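Taking it in order: structure first as structure tokens, then the write-up.
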Amino acid sequence: SVKTQLPYEYYHLPFCKPDKIVNSAENLGEVLRGDRIENSMYQIEMRMDEHCKFLCSVAIETKKTAQKFEKYIKNGYRVNMILDNLPVAMVRYKTDNTRTVKTYERGYPIGFVDKFVEGKKKDEVGGKSKGKS
């Protein structure tokens, strides 16, 4: 998280998990930094594009669990995954006045805040848009 320095294990939240979780810290530095290297259910192959492949489904059965996810999302927590000893990254496009630049952010967010409520932007709920009369 960019807002807090507390690292958490990936499976601290109820993500899809393999039958047996195997920890594999490779060096003392990873342990001291709080890095946790654990196996996952993802099956990834190099040079093979795949989109939206279903992995599993996890029900969020309690309000407490939903609030836990909300807290981590709002605090900007990210999943930092490695693949073949390289960090997984998310593509971002940043635009200034003259050009668009492709950048990469390490890992990916645990979730995103929904900007729509019942088909309308949140700032349009109630019949008015922010900044408009």
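With K and R counted +1 and D and E -1, the other residues having a Cβ less than 15 Å from that of Q67 yield a net charge of +3. Rounded, prolate or oblate: pick one for segment 45-106, where a ≥ b ≥ c are the square roots of the eigenvalues of its C-alpha gyration tensor, a/c under 1.5 means rounded, and failing that, prolate if a/b is larger than b/c, else oblate. Oblate is the answer for segment 45-106, as a/c is 1.5 or above yet b/c matches or exceeds a/b. The residues of segment 1-78 have, on average, 85 Å² of accessible surface per residue, using a 1.4 Å probe with all protein chains present. Electrostatic tally near M90: other residues with Cβ closer than 14 Å to its Cβ, Lys and Arg +1, Asp and Glu -1, net +4.
Loop-located chymotrypsin sites (Phe, Trp or Tyr not before Pro) across segment 15-90 with a Cβ neighbour count of 14 or fewer within 10 Å are F15, Y42, F54, with loop assigned by DSSP. The gain in end-to-end length when the I44 to K71 segment is fully stretched comes to 6.8 nm, 0.36 nm per residue minus the alpha carbon separation.
Here E61 and R106 are evaluated by their C-beta separation; at R0 = 25 Å the FRET efficiency comes out at 0.20.
The values are calculated or read from the model by the stated rules, or taken from the named source; none is laboratory data. Bear in mind that the values here come from a model prediction, so they are computed numbers and not experimental data. So basically every Cβ, Gly included, is an ideal-geometry build from the backbone, and we count neighbours across all protein chains shown. Heavy atoms of the whole protein, side chains included, go into the accessibility calculation; ligands, DNA and RNA do not. Shrake-Rupley method; radii C 1.70, N 1.55, O 1.52, S 1.80 Å.
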